[in-house]
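Report on one structure; see the data block that follows.
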Amino acid sequence: MAVDEAPAATPAEPSPAPAAGHGRAGRDLPVAIAVGLGLGALVLLTLFFARPWFQLIIVLAVGIGLVELRDALGTVRIRPPLVPLLAGAIAMPVAAYADGAEALVVALLLTVSAIVAWRLVEGPVGYLPDVAAGVLAAVYVPFCAGFCALLVAPSDGARRVIIFIAAVVCSDVGGYAAGVLWGRHRLAPLVSPKKSWEGLAGSAVTCMVAGGIMLPTMLGGAVWQGVVYGLAVVASATVGDLGESMVKRDLGIKDMGRLLPGHGGLMDRLDSLLPTAPVAWLLLVWFVPS
């Protein structure tokens, strides 16, 4: 979740000044906060009072994210097959929730096979980049989102999902605050000029504290496990954030879409969550088996 990055034409050029009413993040911060709180409330309500609807939220988010990603790739004439990807967006989270990790892997393999076969009918021109992008999209979006369905499946799944999402939010907020207050040394200037080592340290401290509190109090784990969990979330969330920033820079776009005011597209909010979901599921299964 990149709230502290702003586009720059090249690393050598100064970053453009934020628009009136925008912070250093280059976003309308009050609107962004309001949208984030609204999404958070929707997630909490469905988690605790209508868990099947939470599965619907996962499927809808994955579907919208795939459409945004395909449209973004279309700017460079790469068109991964959308129909099998959307089928996978339904199959992978549902299979994961119903039958576990093995079913999720099977659904991924079937989706990849469908992508390869579907693209065959359109001819050889651009076949390789289209299929490669389709496979990447299938792994990046619905497969990773399937681990969120795995998190929510146990009886204590609502708490597991909250710990997962809260840790990513803590990484985001801690990194933003530390970066704004003390950020001086760029972390990856060629990818995200606004990200700093100080911001990364802020993310790490915030996540370690949050993990050290949440894991013992909500799932009965040990404090050290929560600290390790927090560090792992920082690593995966940062890689996901920088990875999506690299894709957007390669495509020459600022945001993946315009669905969420103050945020950009839905994929701009999923960039840290998606690669963190497998990490969160694996560590929570290891540390506190359900």
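The values are calculated or read from the model by the stated rules, or taken from the named source; none is laboratory data. What you are looking at is a predicted structure, and each value in this text was computed from that prediction instead of being measured. All Cβ positions, even for glycine, are placed from backbone atoms using ideal geometry, and neighbour counts span all protein chains on display.
What to note about this one:
- The listed residue being assigned to a helix (DSSP H, G or I), surrounded by 22 or more Cβ atoms within 10 Å (Cβ to Cβ) and at pLDDT below 95, out of LYS195, LYS248: LYS248
- One residue alone among VAL131, VAL209 is in a helix (DSSP H, G or I), among the β-branched types (Val, Ile, Thr) and either in contact with a helix residue (DSSP H, G or I) (Cβ under 7 Å, 6 or more places away or on another chain) or farther than 22 Å from GLY240 by Cβ (or both), and that residue is VAL131.
- All conditions in (1) surrounded by fewer than 17 Cβ atoms within 10 Å (Cβ to Cβ); (2) hydrophobic (A, V, I, L, M, F, W, C); (3) closer than 17 Å to VAL105 by Cα hold for LEU85, with the sole exception of (1).
Table: residues versus (1) at pLDDT below 85; (2) surrounded by fewer than 20 Cβ atoms within 10 Å (Cβ to Cβ); (3) among the basic types (Lys, Arg).
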residue: PRO216; (1), (2), (3): no, yes, no
residue: VAL233; (1), (2), (3): no, no, no
residue: GLY243; (1), (2), (3): no, yes, no
residue: ASP255; (1), (2), (3): yes, yes, no
residue: ARG258; (1), (2), (3): yes, yes, yes
residue: LEU270; (1), (2), (3): no, no, no
residue: LEU273; (1), (2), (3): no, no, no
residue: TRP281; (1), (2), (3): no, no, no
residue: PRO289; (1), (2), (3): no, yes, no
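- Of the helices (runs of 4 or more DSSP H) contained entirely in the range 43-123, those carrying at least 3 residues that are within 20 Å of MET256 (Cα to Cα) and of a type outside the set (A, V, I, L, M) fall at 51-74.
- Residues in the range 271-286 that are part of a helix (DSSP H, G or I) and hydroxyl-bearing (Ser, Thr, Tyr): THR276 only.
- Hey, GLY212 closer than 20 Å to LEU273 by Cα and over 21 Å from the mean Cα position of the chain (by Cα) or not: yes
- Filter result for ALA103 (of a type outside the set (Val, Ile, Thr) and within 20 Å of the chain's Cα centre (by Cα)): no
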